[in-house]
Protein chains: 2
Amino acid sequence: MDTQSFRKHAHELVDWMADYFESVEDYPVMSQVKPGDILKQIPTKAPNQPESFDQMLKDFNDIIMPGVTHWESPNFMAYFPANKSKGSVLAEMLMSTLGAQCMQWLTSPAAAELEEQMMNWLREMLGLPESFTGVIQDTASTATLCALLTAREKATNYSINEKGFDERKFTIYSSEQIHSSIDKAVKIAGFGIEALRKVEVDDGYAMIPEKLEELIEADKAAGYIPLCVVSAIGTTSTTAVDPINEIGDICLKHNIWHHVDAAYAGTALVLPEMRWMSEGVEKADSFVFNPHKWMFTNFDCTAYFVKDPVSLVNTFTITPDYLKTSVDGDVKNYRDWGIPLGRRFRALKLWFVIREFGVEGIRAKIRKHIMLGKWLAQEIDAHSDFELMAPVPMNTVCFRYTKGEESQLDVLNEAIMNKINNSGKLFFTQTKLKGKFVLRLAFGNTNLEAFHVENAWQLIQETASEIKP
Amino acid sequence: MDTQSFRKHAHELVDWMADYFESVEDYPVMSQVKPGDILKQIPTKAPNQPESFDQMLKDFNDIIMPGVTHWESPNFMAYFPANKSKGSVLAEMLMSTLGAQCMQWLTSPAAAELEEQMMNWLREMLGLPESFTGVIQDTASTATLCALLTAREKATNYSINEKGFDERKFTIYSSEQIHSSIDKAVKIAGFGIEALRKVEVDDGYAMIPEKLEELIEADKAAGYIPLCVVSAIGTTSTTAVDPINEIGDICLKHNIWHHVDAAYAGTALVLPEMRWMSEGVEKADSFVFNPHKWMFTNFDCTAYFVKDPVSLVNTFTITPDYLKTSVDGDVKNYRDWGIPLGRRFRALKLWFVIREFGVEGIRAKIRKHIMLGKWLAQEIDAHSDFELMAPVPMNTVCFRYTKGEESQLDVLNEAIMNKINNSGKLFFTQTKLKGKFVLRLAFGNTNLEAFHVENAWQLIQETASEIKP
C-alpha cells in the first residue's frame, strides 16, 4: 500500500471510527454470535496475492463486527470496564505510526522521559507518597508478578535468581476475595499455590487483619517464611477495600513485602474524599492500578509504583552486549523494570488523556460514577424483591432477585442475566458470594450518564418480573 | 472531546501520519537529544483543566518528536527491526476504537476466532507441522517464559504449581549466543541462573549438539534433571542457526522439552529455500517468532506455537466465578494460554497485514532483504580494510574495520559507530564476538531498498577512512 492509498483509507477509517463512537449504543452490547460463527467465515488459508483494502474493510464490517462485544458502550457493565477516550485513541494512532519499540532510553528517549514524568503526574494525582517511583506495565497481572518476584529476590538477597529455590518455604497472603492473577503469579514464581494463604474476610468482604496476623504467626511457628501480603483496594467481585493501614503495620512488624492491588479502584484515589481507601499506603512496598480500566486510557496501560526501584531493577536487569549504550549510567532503561524486553510507547496515551480531561475533568467523571453506584444501591435496598449482596463503596453493585424459594434463586438470577445479555441491550456478569449466584453491575464507561444506569435497573426489574421461578 | 472534534482531529492526524511516512528519512534516525532534554520540557504537575488538542499536537511535534528514534526509517539498522506496514497501522486504528479486551471468547468472539485462524495461516505460511497449535503473545520474552513454565509443570505433573519447588534440581540448556530473555525467564521461573548451561558454539556461532549432549549426560550423572533446551533459529548477535534437527533428536532421546526461539528469523521460513533452518522442527515442543519484528506487523504481536496445548492451558488456567461463561466448554479462552489476563485484539493486525501483501508479497520482501544481506557480506569480504565476523545467513551482518593495531580496533570501531549514529544518517548497533567489538547491521525495514544498504556501506567506508586510529 503506498502512502497515497494509506492517506485515503485512513481518512475513511476516521469516519468509520467517529461513526462508531456515535452509534455504539445501536449495537448489541454482548456479541450475539455462537461458537464457530466467525471462524467458519475466515478462509483456512492465507491469500497468496494482495487483497484490496476495500475488501478488507468490508469483511471487517460483515464478519468481525457481529463478533465484537462492545466494551465502548455505556451499557457494558460487565467485568470492569476497559475504558478509553478519544484523546487516548488519537494517541494510539500516533504510537502505531511511530512504531517505536521503547525497550530502553536510546530506542526513544522521549518515551522513557515522558513515562517518568507521567508516573510522577499519576503519583501526585492519586495522593501516593513521593517516595514511590512508577513504571508502566502492560497489565496488573504482570505488575503483581513483578512484586512477588522482587519480594522473593529481596528477601533472599537475590539468591533464587542465582541458585534457584532451596529448602526455605515461603508463604504469601491475600484475602479470599483477591483477584485470580495473584494465584497465577504465585504459581509462576515457583512458590506453589499451597503457599498462598487466603485470609478470612469480614461481612463487607474486606480482609480481617487479625486473621492475617494469626496466619503469619502460625506459619512462622511452623517454620515458613512469610514473604508477601497482597491487599486490595477494590476487590474484583465487590470492590471491597482491605484495611491497608492495619495490614501495613502487620507487614512492617513482621518484615513482609506489602503489595497493594488497586487495579480497578486506584483511579478513585483522584478524589480526596476517597483517600480513606489508601490510608497507610506509604507503608506499602508496591502499588498497582490500571489507567486502562477506569482512567479512560486505552488498554493496555498499567501503572506500577514501588518504594525501592533498585530492588526491582536488580531483580530483572540483564544487559547483553547488544543492548549496551553509552548513556546507560545516566538514564532509565525500563526494560530492566519488568518482564518483557519490548515495550510500546504507552506514556503518550496518559499524556493525551490527562490533558484531554484535566485532573478536575477526571474527578468529575469518577464522582458521577460513584454517585450512580450509591444511587443504584439505594434503589435496590429499597426494593422488596431485590437484595444487596455486598456494600457498594464505588460503582460496582452486587445484588440478586429474591422473589422465590432460596433453592431456586441461583437459577432464577442466572436466567435473568442470560435473558438480558442475550437481548443485547445491556451486558453484565455474575459473581458468587457465600455460595450464592449474584448479579454484578460495574459501570464506569467514559460516556456513562445517569439514564444508562436507570435504564439498566428498569430492564432488570422488568425482566425479573417476566421470568417465572 | 466530542465526536465532532474527534473526527476533525483524527483527520488532521491522518495527514500527519501520511506525511510522516513520506518524510521519515528526513529525520535523524537515532534521536539526537541528551538525557534530561525531554523531561525538563514536561511540566512536573498534571493540568487541572482540559487543554486543547491543538496544544497537545503542537507539544507532540515540538517536544516529543526530537526525542523519537525512528524505527520506521529504512536507515534504522540497529537491533532487529520492529516493523510495521500501513495495513497494520490501519488495523491498530480500528483496534483502539473498539478497545475490546479479549481475555476470553465472550469478551469478543471475533478476536478469539480470528486469532485461531490467523495462527493456522501463520503455521502453514512458515511450513510448521500441522500438529502445532498457535496463540498470540505480547513478546517472545513472555512466550519463552511460558515454554519454561509449561516444561516445568509437565515434567513435575504440575506439582511445582501446587507445592512449589522441592529438592529436585532442574537444568536448562541454550547456546552461549542465546537471547538475554532466556536468562531472565530462567530466573523468573525459579530455577536460578546457575541452572542454565550455556552450550559451546561452533565457528559460525551455532550450538554444537555433541557439546549439548555431553552437558546433559554430565548433569544426569550428577543428579540433575535436564528439563528444557532453548535453541535458536537466528541468534540475536549474528542470526546463527542452531542445528534444530540434531538438537531435537537429543531432546527426544533424553525426554527434554525443546523450545525453538525464532523470534526474528522465523519470518524467513515463509521462503521454502530457507526451510533448511527449521528441519526437524516437528520434533520440538514449542516454537516462537515475532510478526512484530520482520513480518510488517506493529509491535506487539508474537506467535507462539505448541505441540501440546493442553499442558500449556493446564499450566496457566484459573477460572474464578466472575470469569465463568456458559460457553467455556466449547471455545478457546486465550487468557488461559499465557501470563496476562488482559489481551488486545492483535489478530486483526495479522489479518490486515497478510492480506495487504499476500504471502507472495511477504516472500518478495524477505527475499530482497536476504539478498541484500548476502550482497553486503560479499562487499565486506572483498574489502581489504574490513572483515566479516560471522556468517551471514540472512540480513544481519557482523563485521569490523581492521586498519590499525588489533589493540586499537575496539576503540576505532566504536568511534566509527558513534560518529555515524550521531550524524543521524544511519543507526546501527554493536555486539561482541570472541571478546571483540563488532559492528552489526540488521536491515529488514518494510520499505528498505537496495540503495539504503549501499548508502549505509558507503557511509561506513567513508567514516572509517576519516577516523584516525
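Observations, loosely collected:
- Position B:Glu466, label points 7 Å along Cα→Cβ, spacing to each other copy in nm (shortest first, one decimal): 7.7
- Across segment A:161-211, Cα pairs under 8 Å and at least six residues apart give a relative contact order of 39 percent.
- Global form of chain B, assessed from the alpha-carbon gyration tensor, a/c cut-off 1.5: oblate
- Antiparallel %, DSSP beta bridges [both residues in the protein assembly as shown], to 5: 55 percent
- Applying 1/(1 + (r/R0)^6) with r as the Cβ-Cβ distance of A:Lys436 and B:Val310 and R0 = 41 angstrom yields a FRET efficiency of 0.80.
- Local net charge near A:Met417, Cβ-Cβ under 12 Å (Lys/Arg +1, Asp/Glu -1): +2
- DSSP beta bridges confined to segment A:146-256 are antiparallel in about 20 percent of cases.
- Proxy reagent accessibility, fewest Cβ within 10 Å first, across A:Trp16, B:Trp457, A:Trp105: A:Trp16, B:Trp457, A:Trp105
- The longest stretch of chain B left intact once loop-based GluC sites (Glu not before Pro) with at most 10 other Cβ atoms within 10 Å are removed from consideration, loops following DSSP, is B:168-404.
- Our summary gives chain A a relative contact order of 21 percent, counting only alpha carbon pairs under 8 angstrom and 6 or more residues apart.
- Each of B:His11, A:His9, A:His259 was scored by other Cβ atoms within 10 Å of its Cβ. Arranged with the fewest first, they read B:His11, A:His9, A:His259.
- Residues of segment A:435-469 with an amide N closer than 19 Å to a point placed 7 Å from the Cα of A:Gln32 along the Cα-to-Cβ direction: A:456, A:459-460, A:463.
- Net charge contributed by nearby residues that have their C-beta within less than 13 Å of B:Gly204 (K/R +1, D/E -1): -4
- Under the membrane-span-like helix rule (DSSP H runs whose alpha carbons stretch at least 27 Å along the helix axis, mean Kyte-Doolittle hydropathy 0.0 or higher), chain A yields A:347-382.
- Cβ-derived FRET efficiency at R0 22 Å, B:Glu51 paired with A:Ala364, nearest 0.05: 0.90
- Annotation: for a label point projected 7 angstrom from Cα along Cα→Cβ of B:Trp276, no residues of segment B:207-236 have a backbone N closer than 11 Å.
- Cα gyration tensor shape of segment A:100-344, rounded if a/c is under 1.5, else prolate or oblate by comparing a/b with b/c: oblate
- Neighbour counts of C-beta atoms inside 10 Å place B:Trp351, A:Trp294, A:Trp276 in the sequence A:Trp276, B:Trp351, A:Trp294, starting with the fewest.
- Across the identical copies, how the A:Lys220 labels are spaced - nm, sorted shortest first, 7 Å along Cα→Cβ: 4.7
- Computed from the C-beta positions of B:Lys211 and B:Lys425 and an R0 of 41 Å, the FRET efficiency is 0.45 to the nearest 0.05.
- Length gained on full extension, B:Gln458 to B:Glu194, computed as 0.36 nm times the residue gap minus the Cα-Cα distance: 90.6 nm.
- Summary for B:Gln32: label point 7 Å along Cα→Cβ; distances to the equivalent points in the other copies, ascending, 5.9 nm.
- Using the rule -39500 (n - 2.57) for each DSSP H run of four or more residues, divided by the residues of chain A, the 222 nm mean residue ellipticity is -13500 deg cm²/dmol.
- Taking a ≥ b ≥ c as the square roots of the eigenvalues of the alpha-carbon gyration tensor, segment B:14-105 is classed oblate because a/c is 1.5 or more while a/b is no larger than b/c.
- Within the shell of other residues whose beta carbon sits under 15 angstrom from the beta carbon of B:Asp26, the net charge comes to -3, with Lys and Arg scored +1 and Asp and Glu -1.
- The alpha carbon centroids of segment A:356-402 and segment B:173-209 are separated by 53 Å.
- Among the trypsin sites (Lys or Arg not before Pro) in segment B:394-447, those located in a DSSP loop and surrounded by at most 13 other Cβ atoms within 10 Å of their own Cβ are B:Lys434.
- Pairs of Cα atoms nearer than 8 Å and 6+ residues apart set the relative contact order; for segment B:182-315 it is 17 percent.
Bear in mind these aren't lab numbers, they're just calculated from the coordinates by the rules spelled out. Please read these numbers as outputs of a predicted model, since none were measured by experiment. Here Cβ is always computed from backbone atoms with ideal geometry, including for glycine, and neighbour counts include all displayed protein chains.
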